[in-house]
Amino acid sequence: MKKTPFEIASSRSSEAKTLTELNGKNGSMLLFIALGGTFLAVGVILGAFGAHLIEGRVEPKMFGIWQTAVLYQLVHGLGLLFVGGFGVALGYRGQAISKQLILTGIMLSMGIIFFSGSLYILVLSGIKVLGAITPIGGMFFILGWLLMVLAVLRFYLNSRT
């Protein structure tokens, strides 16, 4: 029975010399897990900041925008955890799948920065022009999830042959 990368790393069997060897093969995926955790922690902080310091000091519409930014940051932070975990579980089976997963992680990260970041700055500064940047972040999110779909389909098709 074939072991998963997690089992290999924890057992330190002859199949994996060290955890460093596993990390070397999955460095990008582990980075996405770390980024996802960071975006989640910051999202919780910004959610609390909004609930305790922003609400009541800005128009209700602007507070709703803040909440949308937090929600999208949290959802896509979880997405980064998923992408990284999926990549580690696959153990880089196939260069094309790996590239698609890396691009997925990059797109989701850029989406958080452009989408949520522009909304946070919009609420704090009142500069309405920043709202024009938000759809760019939305496009990054969409591209990221479509790349994830392609990676999963490619994995499925490759596993059938």
- Phi-based couplings in Hz for segment 67-74 (Karplus 6.51, -1.76, 1.60; Gly and Pro marked x): 4, 4, 4, 5, 4, 5, 5, 5
- Kindly provide the pair-distance distribution of segment 72-146 built from C-alpha pairs, with 10 Å bins from 0 and whole-percent values in order of increasing distance. 21, 43, 24, 10, 2
- 10 Å binning of all Cα-Cα separations within segment 20-146, expressed as whole percents from 0 upward: 14, 40, 27, 14, 5, 0
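Quick note: the coordinates plus some simple rules give every number you see, no bench work behind them. Remember, it's a predicted structure, so these values are computed and weren't measured experimentally.
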